[in-house]
C-alpha cells in the first residue's frame, strides 16, 4: 500500500522540493485543504448565542446544497478520470476534458467545493463558516487561474474553451472570467 500511495503522489507531481518552493502549486493545495478541514469546526458563534432561531427549513436547504455539491464533485471526478490531480499543475500527457461536467464549467470540482462550503454555512448559520467560504472562494479562484495559465501552454484549444465556458460559477466576477 505505501508503494501505491508513493507512486500516485509522484504521478501527481508531489515532491519535498515542491512543498518548499511551490513548483506545482502545492501551497494552493495546502491552503485549500486547511480551509476544507476547518469546516469541521463547530458553528461560531452559533445562531442561538446571537439570539437567533435558525429555522429547520434553512438547515435542510443547506444540507441540500451540500448534497448537490457532492454529486457535482463526483461527476467532475468521473469525467476527469485518470487526469484527476489535486494540484493545479496539469498531469503530463493528460487530455483536455471539455464535456460532461466540464461542458458546464471549467472547474467543476472547485464549483462543488464552493457549493459544499455554502451548504455547510447555510445549514449551521455560522459566521466562522461564512469566513471559511469566502477564504475558499479566494483560494480556489487563485488556484484555478494558476492552473489555467499552464493549461493554455499545454493545450492550444484551451483559450477557445476558456472564452466560451464559465470558470467556476457563472456570473460571479471572481469565479467567472472568460477572457485574458
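A compact table of results
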{"quantity": "Residue under evaluation residue 102, criteria (1) in a loop (DSSP other than H, G, I, E, B); (2) within 18 Å of residue 167 (Cβ to Cβ), criterion not met", "calculated": "(1)"}
{"quantity": "Those residues of the stretch 49-70 which are in contact with a helix residue (DSSP H, G or I) (Cβ under 8 Å, 6 or more places away or on another chain) and over 14 Å from residue 123 (Cα atoms), in sequence order", "calculated": "70"}
{"quantity": "Residues located in the stretch 142-159, provided they are in contact with a helix residue (DSSP H, G or I) (Cβ under 7 Å, 6 or more places away or on another chain) and more than 14 Å from residue 27 (Cα to Cα)", "calculated": "148, 151, 152, 158, 159"}
{"quantity": "Tally of residues being in contact (Cβ under 8 Å) with a residue 12 or more places away in the chain and surrounded by fewer than 21 Cβ atoms within 10 Å (Cβ to Cβ) across the stretch 152-173", "calculated": "12"}
{"quantity": "Test: residue 135 is surrounded by fewer than 21 Cβ atoms within 10 Å (Cβ to Cβ), touching a residue at least 60 places away in the same chain (Cβ under 8 Å), farther than 20 Å from residue 85 by Cα and under 15 Å from the mean Cα position of the chain (by Cα)", "calculated": "yes"}
{"quantity": "Residue within the stretch 108-117 that is in contact with a helix residue (DSSP H, G or I) (Cβ under 8 Å, 6 or more places away or on another chain) and surrounded by fewer than 18 Cβ atoms within 10 Å (Cβ to Cβ) present", "calculated": "no"}
{"quantity": "Qualifying positions in the stretch 55-93 - modelled with pLDDT under 95 and closer than 21 Å to residue 164 by Cβ", "calculated": "80, 83, 90"}
{"quantity": "Residue in the stretch 94-104 that is over 20 Å from residue 176 (Cα atoms), loosely packed, with under 14 Cβ neighbours inside 10 Å and in contact with a helix residue (DSSP H, G or I) (Cβ under 9 Å, 6 or more places away or on another chain) present", "calculated": "yes"}
{"quantity": "Helices (runs of 4 or more DSSP H) lying entirely in the stretch 1-90 (those with 2 or more residues that are surrounded by 14 or more Cβ atoms within 10 Å (Cβ to Cβ))", "calculated": "16-21, 26-38, 56-80"}
{"quantity": "Residues of the stretch 120-132 classified as buried (at least 22 other Cβ atoms within 10 Å of the Cβ) and either without any contact (Cβ under 8 Å) to a residue 60 or more places away in the chain or within 9 Å of the chain's Cα centre (by Cα) (or both), total", "calculated": "1"}
{"quantity": "Test result for residue 156, at pLDDT below 95 and within 27 Å of residue 58 (Cβ to Cβ)", "calculated": "no"}
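The values are calculated or read from the model by the stated rules, or taken from the named source; none is laboratory data. The structure displayed is predicted, hence computed values, not measured ones. FYI the Cβ positions are ideal-geometry reconstructions off the backbone, even for glycines, and counts take in every protein chain you see.
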